[in-house]
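K.L.:
Okay, here's the structure, questions in a sec.
The values are calculated or read from the model by the stated rules, or taken from the named source; none is laboratory data. Values in this document were obtained by computation on a predicted structure and should not be read as measured data. Because the Cβ atoms are built from the backbone with ideal geometry, glycine has one as well, and the counts that use them run over all protein chains shown. SASA here: full protein model, heavy atoms, side chains in, ligands and nucleic acids out. Shrake-Rupley method; radii C 1.70, N 1.55, O 1.52, S 1.80 Å.
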Amino acid sequence: MTSRTDEATARALADPQGFWGEAAKQIHWFKTWDRVLDDSRPPFYRWFTGGVVNTCYNALDRHVEAGRGEQVALVYDSPVTGTIQKFTYKQMRDEVARTAGMLAGLGVHKGDRVLLYMPMVPQAVIAMLACARLGAVHSVVFGGFAPNELATRINDAKPKVILSASCGIEVQRVIPYKPLLDQAIELATAKPQACVILQRPMQRAERVAGRDHDWDELLARAKPHDCVAVAATDPLYILYTSGTTGIPKGVVRDNGGHMVALKWSMTNIYDVKPGETWFTASDIGWVVGHSYIVYAPLLQGAITILYEGKPVGTPDAGAFWRVISQHKAVAMFTAPTGFRAIKRDDPRGELIKKYDLSKFRTLFLAGERCDPDTLHWAEDHLRVPVIDHWWQTETGWSIAANCVGLERLPVKAGSPTKAVPGYDLRVLDTAGHEVKRGEIGALAVKLPLPPGSLPTLWNNDEGFKNSYLAEFPGYYKTADAGFIDEDGYVFVMARTDDIINVAGHRLSTGGMEEVLASHPDVAECAVMGVADELKGQVPVGMVVLKAGVTKPDEQVCKELVALVRDKIGPVASFKTATVVKRLPKTRSGKILRGTMQKIADSQEYRMPATIDDPAILDEIRESLRGVGYAKG
Ligand code: COA
Ligand code: AMP
């Protein structure tokens, strides 16, 4: 018997124009599209060409005009500052309109870029929507990135204005953001015309005369700005994500297709209705934050929670249950790593019993593979369906999911269920041929990608083609490997590139190797992601020192850990480096990172046939034991 998901998938693939044209009726268009799917320039596909829209209008104004103005739109719940603040749709619209006026007053127009380096405060969400209101393109950079990473993004996006705050708060630590921003602007070659700084009372920031403005002062003088009509295909935002080198990729999101896909997903994947409360515990610096803290719940007319806290420590492992119960959330979305932290601190789920979770229907997890232990723990203690779903910054919404709004399919532990309608997901061998059901291969999506997925990289069509489309012509390469079973369930097993997933954060080991290699004492290095009980993976660096280095190994390792923190940021969680005499390589000189990672994780491995000297692997095992790995 075919399921409703299978039927929707079949319809979306057989008649994308009809399927997505129908879904697009849920969005308000200033002018409807000429073509639903514009396939005139393959491999570049565009959705809703000729359509004219505004994302902010659909997220806010439209609901106010339809009588939803007094309903809460956003709940700011911040245990780190002891604040709970609610904004109705009308209040959000008015705040966003004034913030748009503030940006316009600084010369920001349609198409200009505005970069945000901000903690999880309402002004950050308001500013994102204000950019959307003006047709300006926002680029949010996660606060855990160091000035060097921020500078790389400034150079690529060339923002006219940067919005930031004096500080962020990590549990009980105040992290001054402003010095990091100042350093980044110093390092960057593209300088912004102005910065607007939100002064938080925990730590105020010094302003640079002539460049920096005070957020509150500027806003007090600003006049509300109306929504600017943009083409459906115009960019809404750029979000940088780790690529296979230290240079991040600027993923572009459009306006029209993005709205259509997200609105469809709120109903059909997440089953959240207008007026219901939805809780995504992520950060606005990540794609999950963009799509499911900000845009999707507001497009749906739901209530979204902006949570400035952690799963544990703010104040305890019951924090999520407190938020769900206090705001009557019907569903929640977070990464499995957060649940592993909760499980570690409250293994028997005692804190769950303290709260009334009677309104809570579904838990959604994504961002990394959901290990069956975490899945079962959450199912047993919460007694609601726990839905793993798979997606990427590039796609903006899920590639595979259990679409509970369409129907709830049986859960298979370790699988994010089936390809979502719109994604023609295939498993390919290295020659690009489809493999049999159950066989592992490269997970690839037959073009075109559905609405909402990236149309290209910022100012880099060639990079888009080379990174995603070149290896398997006619397909988008997800860079994940996995298989599809007889029932059509997808299993995502591993990345096929050098990306690792640390606490749900995506990082490039290549980027970290570039940093290690820049240390004057390092001759050669390799970074690999090794298994970690809490974070899923953590990076471990192996370095060979230059001849004649007299410094103790421990000293060099300490410097390397500090260097990665300084160049990439604390988010890299790079805490372990070890010195080895040599690195294992193939006869052609390729470093055998995969073999070293298996040794570190005490997994079985096959001796690579092309290894130049097998004895090196014993040395590597010894070194890894010295830093707490390869114990099995
Ligand atoms: N600004 C500044 N620093 C930040 C930061 C931010 N926004 N976010 C994280 N950091 C810092 C942390 O303080 C930590 O610093 P430290 O090395 O000095 O301790 C470092 O970056 C690593 O952070 P993280 O990987 O988050 O580890 P953690 O030990 O602080 O917390 C978890 C572990 C599991 C509780 C945490 O990772 C978590 O809540 N994960 C949820 C994941 C998530 O939301 N993913 C988004 C995709 S859905
Ligand atoms: P990001 O772009 O940061 O969202 O990271 C995307 C990557 O995270 C994917 O390519 C996968 O490697 C991994 N990922 C995300 N969700 C899942 C999931 N549900 N199961 C397995 N891997 C996942």
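K.L.:
Just one of 479, 503 is over 24 Å from residue 48 (Cα atoms), among the hydrophobic types (A, V, I, L, M, F, W, C) and free of Cβ contacts under 8 Å to residues at least 60 places away in the same chain; which is it?
P.N.:
Matching residue, one of 479, 503: 479.
K.L.:
Six or more apart or on different chains, Cβ under 9 Å: which pairs go from a residue in the range 375-391 that's of a type in the set (D, E, K, R) to one that's away from ligand 1 (no atom under 14 Å from the Cβ) and assigned to a helix (DSSP H, G or I)? Could you list them?
P.N.:
388/375
K.L.:
If you don't mind, another one. Restricting attention to the range 247-264, report how many residues are open to solvent by 20 Å² or more (accessible area, probe 1.4 Å) and farther than 15 Å from residue 460 by Cα.
P.N.:
Residues flagged as open to solvent by 20 Å² or more (accessible area, probe 1.4 Å) and farther than 15 Å from residue 460 by Cα within the range 247-264 amount to 2.
K.L.:
Give the range 58-114 a look and list any residue that's surrounded by fewer than 22 Cβ atoms within 10 Å (Cβ to Cβ), within 26 Å of the chain's Cα centre (by Cα) and either of a type in the set (Ser, Thr, Tyr) or over 25 Å from residue 201 (Cα atoms) (or both), or say none.
P.N.:
Hits for the range 58-114 are 72, 76, 78, 81, 83, 110, 111, 112.
K.L.:
Mind counting the residues in the range 535-558 that are open to solvent by 50 Å² or more (accessible area, probe 1.4 Å) and in contact (Cβ under 8 Å) with a residue 12 or more places away in the chain?
P.N.:
Counting residues in the range 535-558 that are open to solvent by 50 Å² or more (accessible area, probe 1.4 Å) and in contact (Cβ under 8 Å) with a residue 12 or more places away in the chain gives 6.
K.L.:
Of the residues in the range 263-289, how many are within 16 Å of ligand 1 (Cβ to nearest atom), closer than 24 Å to residue 65 by Cα and not small (Gly, Ala, Ser)?
P.N.:
Of the residues in that region, 1 qualify.
K.L.:
Tell me which residues, restricted to the range 379-391, are part of a loop (DSSP other than H, G, I, E, B) and either buried (at least 21 other Cβ atoms within 10 Å of the Cβ) or of a type in the set (Val, Ile, Thr) (or both).
P.N.:
Selection gives 384, 389, 391.
K.L.:
Say we look at the range 440-464 and pick out the residues that are in a strand (DSSP E or B) and surrounded by fewer than 22 Cβ atoms within 10 Å (Cβ to Cβ); which of these is nearest to ligand 1 (Cβ to nearest atom)?
P.N.:
442
K.L.:
When you scan the range 465-512 for strands (runs of 3 or more DSSP E) that lie fully inside it, which ones turn up with 3 or more residues that are under 19 Å from the mean Cα position of the chain (by Cα) and closer than 20 Å to residue 424 by Cα?
P.N.:
Because the criterion is at least 3 residues that are under 19 Å from the mean Cα position of the chain (by Cα) and closer than 20 Å to residue 424 by Cα, the strands (runs of 3 or more DSSP E) in the range 465-512 that meet it are 475-484, 490-495.
K.L.:
Here is a list: 596, 607. Which entry is at pLDDT below 85 and among the aliphatic types (A, V, I, L, M)?
P.N.:
Testing whether each residue is at pLDDT below 85 and among the aliphatic types (A, V, I, L, M) leaves just 607.
K.L.:
Could you list all residues from the range 465-475 that are in contact (Cβ under 8 Å) with a residue 40 or more places away in the chain and either of a type in the set (Ser, Thr, Tyr) or open to solvent by 50 Å² or more (accessible area, probe 1.4 Å) (or both)?
P.N.:
Matches in the range 465-475: 465, 467, 468, 473, 475.
K.L.:
Condition first: in a loop (DSSP other than H, G, I, E, B), of a type outside the set (Ser, Thr, Tyr) and either without any contact (Cβ under 8 Å) to a residue 60 or more places away in the chain or loosely packed, with under 11 Cβ neighbours inside 10 Å (or both). Now tell me which residues in the range 598-622 satisfy that.
P.N.:
603, 604, 606, 607, 608, 609, 612, 613, 614, 615
K.L.:
Name the residue that is farthest from ligand 1 (Cβ to nearest atom), counting only residues in the range 341-378 that are in a helix (DSSP H, G or I) and open to solvent by less than 20 Å² (accessible area, probe 1.4 Å).
P.N.:
Top of the filtered list is 352.
K.L.:
For the range 567-597, what are the residues that are within 16 Å of ligand 1 (Cβ to nearest atom), assigned to a loop (DSSP other than H, G, I, E, B) and more than 22 Å from the chain's Cα centre (by Cα)?
P.N.:
Once the filter is applied, which keeps residues that are within 16 Å of ligand 1 (Cβ to nearest atom), assigned to a loop (DSSP other than H, G, I, E, B) and more than 22 Å from the chain's Cα centre (by Cα), the range 567-597 yields only 575.
K.L.:
Ok, one more. Condition check: in a helix (DSSP H, G or I) and of a type outside the set (Val, Ile, Thr). Does residue 338 satisfy that?
P.N.:
yes
K.L.:
Restricting to the range 268-305, name every residue that is over 17 Å from the mean Cα position of the chain (by Cα), β-branched (Val, Ile, Thr) and within 24 Å of residue 86 (Cα to Cα).
P.N.:
Scanning the range 268-305 gives 272, 277, 303, 304, 305.
K.L.:
Oh, and also: Confirm whether residue 35 is open to solvent by 20 Å² or more (accessible area, probe 1.4 Å), touching a residue at least 40 places away in the same chain (Cβ under 8 Å) and of a type in the set (D, E, K, R).
P.N.:
No; evaluated as a whole, the condition is false for this residue.
K.L.:
Can you work out which of the residues in the range 480-512 that are acidic (Asp, Glu) and at pLDDT below 95 is farthest from ligand 2 (Cβ to nearest atom)?
P.N.:
For the range 480-512, the residue satisfying everything is 498.
K.L.:
In the range 153-193, which residues are touching a Ser or Thr at 6+ places or on another chain (Cβ under 7 Å), away from ligand 1 (no atom under 14 Å from the Cβ) and of a type in the set (Lys, Arg)?
P.N.:
153 - this is the single residue of the range 153-193 that is touching a Ser or Thr at 6+ places or on another chain (Cβ under 7 Å), away from ligand 1 (no atom under 14 Å from the Cβ) and of a type in the set (Lys, Arg).
K.L.:
Let me ask something else. Scan the range 347-378 for residues that are charged (D, E, K, R) and farther than 15 Å from residue 320 by Cα and jot them down.
P.N.:
348, 368, 369, 371, 373
K.L.:
Here are the criteria: (1) within 15 Å of ligand 1 (Cβ to nearest atom); (2) in contact (Cβ under 8 Å) with a residue 60 or more places away in the chain; (3) among the hydrophobic types (A, V, I, L, M, F, W, C); (4) open to solvent by less than 10 Å² (accessible area, probe 1.4 Å). Tell me which single one residue 150 does not satisfy.
P.N.:
(2)
K.L.:
Please go through the range 281-330 and pick out each residue that is of a type in the set (A, V, I, L, M, F, W, C), out of contact with any Leu (no Cβ under 7 Å at 6 or more places or on another chain), away from ligand 2 (no atom under 16 Å from the Cβ) and within 20 Å of residue 354 (Cβ to Cβ).
P.N.:
305, 312, 319, 320, 323, 329, 330
K.L.:
Taking into account only those residues within the range 211-241 that are over 28 Å from residue 62 (Cβ atoms) and in contact with a strand residue (DSSP E or B) (Cβ under 9 Å, 6 or more places away or on another chain), which is surrounded by the fewest Cβ atoms within 10 Å (Cβ to Cβ)?
P.N.:
Per the criteria, the residue is 216.
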